[in-house]
1. Just to confirm a number: summing +1 for Lys and Arg and -1 for Asp and Glu over residues other than Asp20 whose beta-carbon lies under 12 angstrom from that of Asp20, what do you get?
2. Starting at the first residue of the stretch 64-70, write each ³J(HN,Hα) from the Karplus equation 6.51 cos²θ - 1.76 cosθ + 1.60 with θ = phi - 60°, in whole Hz, x for Gly and Pro.
3. Working out 0.36 nm times the residue gap between Val74 and Asp45, then minus their Cα-Cα distance, what length gain in nm do you get to one decimal?
4. Near the amide H of Phe14, under 5 Å away, which other amide H atoms are found, from residues 5 or more places off or on another chain, if H is placed in the peptide plane?
5. With label points built 7 Å along Cα→Cβ from the Cα atoms of Asn60 and Leu4, find their separation and express it in nm.
6. Please list the non-local residues whose amide H lies under 5 Å from the amide H of Leu41, H modeled 1.01 Å from N, same-chain partners needing a gap of 5 or more.
7. Give me the accessible area of Ser22, 1.4 Å probe, in Å² rounded to the nearest 10.
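The values are calculated or read from the model by the stated rules, or taken from the named source; none is laboratory data. Computed from a predicted model, the values in this text were never measured in an experiment. For neighbour counting, all protein chains shown are included, and Cβ atoms are generated from backbone atoms with ideal geometry for every residue, glycine included. These area figures cover heavy atoms from the full protein model, side chains too; ligands, DNA and RNA do not enter into them. Shrake-Rupley method; radii C 1.70, N 1.55, O 1.52, S 1.80 Å.
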Amino acid sequence: MRLLHVRVDGIEPFEDKVLDLSFFAQDQVRDAGATSGVTRLGAGDSTAYSQNVLAIAGINATGKTTALRVLQFVID
């Protein structure tokens with residue numbers, strides 16, 4: 001099973017109290033060679049690729065830790 005998208009309503013401090021995280025990309029970042037590190041989702045001609053790195057950045061008190069805690073809850 002792959003987690004591709006998380007949406008949680010009613011969480012502060014996010015805009016409209018909605019945390020919306022997407023874990024897939026439709027644009028390939030690097031060559032799809034055997035050693036590229038890019039994972040194609042679906043059939044061989046699929047245009048959806050998984051992201052191997054996800055960064056959460058922001059100034060203090062903007063919800064970075066809250067987002068990580070929600071993600072840990074969903075994964076558990």
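1. Here the count lands on -1.
2. 4, 5, 4, 4, 5, 5, 5
3. The Val74-Asp45 span can extend by a further 7.4 nm.
4. none
5. 4.0 nm
6. Ala48, Tyr49, Ser50
7. 50 Å²
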